[in-house]
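Colleague: This is the structure I want to talk about, given as structure tokens.
Please treat every number below as a calculation from the coordinates, not as lab data. For clarity, every value in this text was computed on a predicted model and none was experimentally measured. Ideal geometry is used to build each Cβ from the backbone, glycine not excepted, and the neighbour counts take in all protein chains shown.
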There are 2 protein chains.
Amino acid sequence: MSLPHAILTALLEKPSSGLELTRRFDKSIGYFWSATHQQIYRELGKLERAGQIRALPSAQPTRGQKKEYEVLPAGREELTAWVARSEDPKPVRDPLLLRLRAAGVVGSAGLEVELERHLALHQRQLAQYEAIEARDFPPERQSTEQDRLRHLVLRGGIELETFWTKWLTDALTGLRPGT
Amino acid sequence: MSLPHAILTALLEKPSSGLELTRRFDKSIGYFWSATHQQIYRELGKLERAGQIRALPSAQPTRGQKKEYEVLPAGREELTAWVARSEDPKPVRDPLLLRLRAAGVVGSAGLEVELERHLALHQRQLAQYEAIEARDFPPERQSTEQDRLRHLVLRGGIELETFWTKWLTDALTGLRPGT
DNA sequence: AACTGTTTTGCACCTTGTTGCATAATCGCT
DNA sequence: AGCGATTATGCAACAAGGTGCAAAACAGTT
């Protein structure tokens, strides 16, 4: 139940059309909440029907024609409430950990290549995040609360990727010696 | 597409009935792949129809009566292949990071309590994992590959929870000073 | 004006996960 | 034998996410 809130956040940052939203989800927002254009259009429809957003009056209701949305007061209230809402963290659900466990039962043949592939992917992502941090958050210059919050989110991404690279490295060295 | 493989792994470790599987998912397996009894029964049906598992002959096909399953050769082969299969890591999708971003737009009122609650939950989980590690993996005594793999999985859980407690602590101190 | 490609929106369908409830066997108690 | 709690399996309906494809508008080209 987070997609609508992701969309509300994005629209508050800047009113957009469905396609623009899709592109923004592919970039920055997608770093912690991914979504396809299908999900986005569907959700935009729901949010509009719920009176939380509306299409900017300029747009006619025909297909294939750009339609920009903005957030209505009800939508902003909903988002504000959601920020403070009590919601338990979901239990971890990671296929890679599961595969290690499976490897314990049927043998780890071929797993090493896959771990190396993941390691490379995570290292690449980590480098990308660090580049963003160097560009957008140079040391000793965060003033607004929004800046600090955005930086915290990015730090989350960086530390998560750091965790994966470290863990995968450990796994690879732990896997090689014995057979 | 990981649930069937989680079930195959569990059944290879020990043939079980649906309810027993559910209990094992609530405990150890659920630490990295959670599932409800509904999902499990549905998937057991599918796996049986696919010829990857079968009910132990002792059981009659009536409702409400225990039915134990074991893995067939086809199931073991499928699991072996899956361990080495190339499958990209899913992009991160975390509501809490999203909420920080939203807080940057509508203000972080009430967020602190929620972060503290999550911090406490993650600390508790971390302590639990560390207890398991101390009990099951005392230093300098891992011989079999299965032991080493299981330990790696547990280390993954421990380091993930460590990440969360650290990040949440940072977030809380970063949130308090300014408005 | 007809064509081709791109932008933009959207429908239909499928899989996975969740919730609530129904039903059958079993066990202990009296 | 009858009652109630527990064990065990399962159906139905729904919500969320994902894939493939269709279709309308638009823009440029000839």
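Colleague: If you put a point 7 Å past Cα along the Cβ direction, how far is that point for B:D26 from the same point in each other copy, in nm, smallest first?
Modeller: Copy-to-copy label distances for B:D26: 4.5 nm.
Colleague: Using only the Cα atoms of the range B:1-48, what do you get for the radius of gyration and for Dmax, in Å?
Modeller: My reading of the Cα-based Rg and Dmax gives 9.2, 25 Å.
Colleague: Right, here's the next one. Between beta-carbons, use under 12 Å as the cut-off and find the net charge around A:L97, counting Lys and Arg +1, Asp and Glu -1.
Modeller: Here the count lands on +3.
Colleague: Could I ask something else about it? Name the nearest-to-axis residue of chain B, judged by Cβ distance to the rotation axis taking chain B onto chain A, and quote that distance in whole Å.
Modeller: B:F163, 3
Colleague: What does the structure give for A:152-161 when I average, per residue, the other chain Cβ atoms found within 10 Å of the residue Cβ?
Modeller: For this peptide, the per-residue mean of nearby foreign Cβ atoms is 6.
Colleague: Also: How far, in nm to one decimal, is A:Q38 from itself in the other copies if the label point is set 7 angstrom along Cα toward Cβ? Shortest first, please.
Modeller: 2.2
Colleague: Which Cα, out of B:Q38, B:A10, B:L56, lies furthest along the positive dipole direction of the range B:3-84 (beta carbon charges, K/R +1, D/E -1)?
Modeller: Toward the positive end, the furthest listed residue is B:Q38.
Colleague: While we're looking at this one, here's another question. If you build the Cα gyration tensor of the protein assembly as shown and take the root of 5 times each eigenvalue, what three semi-axes come out, in whole angstrom, biggest first?
Modeller: So the three semi-axes of the protein assembly as shown are 40, 27, 20 Å.
Colleague: For the range A:21-108, what does the alpha-carbon gyration tensor say about shape, rounded, prolate or oblate, given a ≥ b ≥ c as the root eigenvalues, a/c under 1.5 as rounded, and a/b over b/c as prolate?
Modeller: In terms of gyration-tensor shape, prolate.
Colleague: Using the C-alpha gyration tensor of the range B:95-175, what are the square roots of 5 times its eigenvalues, in whole angstrom, with the largest one first?
Modeller: Each semi-axis is √(5λ); the values are 35, 12, 8 Å.
Colleague: If you don't mind, another one. Around B:E20, with a cut-off of 12 angstrom between Cβ atoms, what is the net charge of the other residues, counting Lys and Arg +1 and Asp and Glu -1?
Modeller: +3
Colleague: Something else about it: At 222 nm, what helix-only mean residue ellipticity would the protein assembly as shown give, in deg cm²/dmol to the nearest 500, using -39500 (n - 2.57) for each DSSP H run of four or more?
Modeller: Result for the protein assembly as shown: -21000 deg cm²/dmol, rounded to the nearest 500.
Colleague: Suppose a student asked you for the relative contact order of the range A:95-175, using Cα pairs under 8 Å spaced at least 6 residues apart; what percent would you report?
Modeller: Relative contact order for the range A:95-175 comes out at 44 percent.
Colleague: Sticking with this one: Using DSSP to define loop residues, name the GluC sites (Glu not before Pro) in the range A:68-157 whose beta-carbon has at most 16 other beta-carbon atoms within 10 Å.
Modeller: Filter output for the range A:68-157: A:E87, A:E140.
Colleague: Sequence-distant or interchain residues sharing an amide H contact under 5 Å with A:I53, placed H: which?
Modeller: Those qualifying (amide H under 5 Å, at least 5 residues apart or on another chain) are A:E48, A:L72.
Colleague: Another question, then. Measuring from a point 7 Å out along Cα→Cβ, what nm distances, shortest first, does A:E116 have to its partners in the other copies?
Modeller: For A:E116, the other copies' label points sit at 5.0 nm, shortest first.
Colleague: Using Cα-Cα distances under 8 Å and only pairs 6 or more residues apart, what relative contact order does chain A have, in percent?
Modeller: The value is 18 percent.
Colleague: Taking a 19 Å limit on the Cα-Cα distance, which of the listed pairs B:K27/B:K67; A:K166/B:K27; B:K46/B:K67 fall beyond it?
Modeller: Distance filter (> 19 Å) returns B:K27/B:K67; A:K166/B:K27.
Colleague: Given the options A:L98, A:L152, A:T169, identify the residue whose Cα lies farthest towards the positive end of the charge dipole of the range A:95-175 (+1 on Cβ of Lys, Arg; -1 on Cβ of Asp, Glu).
Modeller: Checking the options against the dipole of the range A:95-175, the answer is A:L98.
Colleague: Right, here's the next one. Are there trypsin sites (Lys or Arg not before Pro) in the range B:105-140 that DSSP puts in a loop and that have at most 11 other Cβ atoms within 10 Å, and which ones?
Modeller: Passing sites in the range B:105-140 do not exist.
Colleague: With the convex hull built on the Cα atoms of chain B, state its orientation-averaged projected area in nm².
Modeller: 14.4
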